[in-house]
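Worksheet: one structure, shown below.
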Amino acid sequence: MHGQLGSSGKDKAVFDAICEATQERVAVACYHKNKGKSIQVEARQQRRAASVGVAPQLLEVDARQRRLVMQLMPRGTLIELARQQHGRLTIAQQQRIVQLLRCLGTPETEGGAGLRHGDCGNPANYVASADGTLFLIDFAPPHCRDMPAKEPDDANLGSLGMLLWHAERGLLRRGWVTEPPLVLLREYRLFCRRSGMSDPMDPEPDV
């Protein structure tokens, strides 16, 4: 084990590590004591997401040691990535976030993961590969589950509202976003119009 990646969550902490067999860097999620009961469920859901390109590849599941070993995303979380880019998110990265959320909820029979992730508004749950491509993490229940039949396939796009709140809060307090993420703003506005949700920033809410 090497340095910790991000802050500890309620259930686990994630570390940078070296795989002894391959000498490759990996990310290891270590569950806190008495918090590893759902590790197999989380692993199954992450594999579903990884199979459609939404999540990092899962390399090992060790329920006895309460750990998941997965592909390392070396550029860190969405916050860290934006800071590396002087407070910007590129158009391609914003489009990638929308693609992730759409694919995540699309049924497996249509090429998606068929999952409802209730914590996609958290910028710490997006991690970036070496080339800046974003992926989703943290597929633990109860905030991740099969997409309910009553919800539309694009229901995960509702998380853009909280993600944008974090971006605005960062602009005011942390400085991780220095210009408006216009693609995310537009997609959230369109989502609100489709779903009939209230969006006080929309100049044409009835369109």
Problem set entry | Residue list for the stretch 134-146, restricted to those being surrounded by fewer than 15 Cβ atoms within 10 Å (Cβ to Cβ) and either modelled with pLDDT under 95 or part of a loop (DSSP other than H, G, I, E, B) (or both) | 141, 142, 143
For this session: Considering every residue within the stretch 29-41, establish whether at least one is open to solvent by 30 Å² or more (accessible area, probe 1.4 Å), under 21 Å from residue 102 (Cα atoms) and either in contact (Cβ under 8 Å) with a residue 60 or more places away in the chain or in contact with a His (Cβ under 7 Å, 6 or more places away or on another chain) (or both).
Result: no
For this session: Could you tell me which residue of the stretch 42-52 is nearest to residue 10 (Cα to Cα), considering only residues that are open to solvent by less than 30 Å² (accessible area, probe 1.4 Å) and small (Gly, Ala, Ser)?
Result: 43
Exercise. For the stretch 119-137, how many residues are touching a Lys or Arg at 6+ places or on another chain (Cβ under 8 Å) and either of a type outside the set (A, V, I, L, M, F, W, C) or more than 17 Å from residue 183 (Cα to Cα) (or both)?
Worked result: 6
Exercise. So which pairs qualify, if the first residue must be in the stretch 172-195 and modelled with pLDDT of 90 or more, the second must be surrounded by 14 or more Cβ atoms within 10 Å (Cβ to Cβ) and of a type in the set (Val, Ile, Thr), the Cβ gap must be under 8 Å, and the two must be at least 6 apart or on different chains?
Worked result: 183/98; 184/97; 184/98; 187/98
For this session: Filter the stretch 33-73 down to residues that are in contact with a Lys or Arg (Cβ under 6 Å, 6 or more places away or on another chain) and part of a loop (DSSP other than H, G, I, E, B) and give me whichever is farthest from residue 137 (Cα to Cα).
Result: 36
Seminar exercise, completed: Selection from the stretch 76-130 of residues acidic (Asp, Glu) and either open to solvent by less than 40 Å² (accessible area, probe 1.4 Å) or in contact with a Leu (Cβ under 8 Å, 6 or more places away or on another chain) (or both) yields none
For this session: Sort out which residues of the stretch 81-116 are over 25 Å from residue 168 (Cβ atoms) and part of a helix (DSSP H, G or I), and write them in order of number.
Result: 103, 108, 109, 110
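The values are calculated or read from the model by the stated rules, or taken from the named source; none is laboratory data. Bear in mind that the values here come from a model prediction, so they are computed numbers and not experimental data. So basically every Cβ, Gly included, is an ideal-geometry build from the backbone, and we count neighbours across all protein chains shown. Side chains included, ligands, DNA and RNA excluded: accessible areas come from the protein's heavy atoms. Shrake-Rupley method; radii C 1.70, N 1.55, O 1.52, S 1.80 Å.
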